[in-house]
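Computed from the coordinates by the stated procedures, all read-outs in this text should not be read as laboratory data. Here the structure is a predicted model, which is why all the values come from computation and not from measurement. Methodologically, a virtual Cβ is constructed for each residue, glycine included, from the backbone with ideal geometry; neighbour enumeration extends over all protein chains shown.
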Amino acid sequence: MAEAKSWLPPLAWDDDLIDLPDAELAAEVKRRAEAMDEEEASRCWTARYKQGDLSPLIAAGAREHVRRLKQGQVAS
C-alpha cells in the first residue's frame, strides 16, 4: 500500500528532519543541499534520476547539482 501511494520507506528520512514543520523542513533540506560538495550533489542526481530515490534530501541535492550545471559552476 505504501509503495502504491509513493510513500517513502521508513529509513528514507533522517531522524532529525522527520518532525520538522513543512517550512522548517524545506529550509533545512535546501540548506543541506547547498552545503553539499559537487561529488555529493552529483551522487544525489544519480540516485534521483537513475535509481528513482524520491527522498527529500536526495531530490534537493539533485536540484542543486542541476542548478550548478546551469550556472556553469561544475567542471565538465
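The table below lists the values:
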item	result
Selection from region 39-76 of residues that are more than 18 Å from residue 17 (Cβ to Cβ) and of a type in the set (Lys, Arg)	43, 50, 67, 68, 70
Hits in region 21-69 - residues which are touching a residue at least 12 places away in the same chain (Cβ under 8 Å), of a type in the set (A, V, I, L, M) and more than 22 Å from residue 7 (Cβ to Cβ)	36, 41, 66
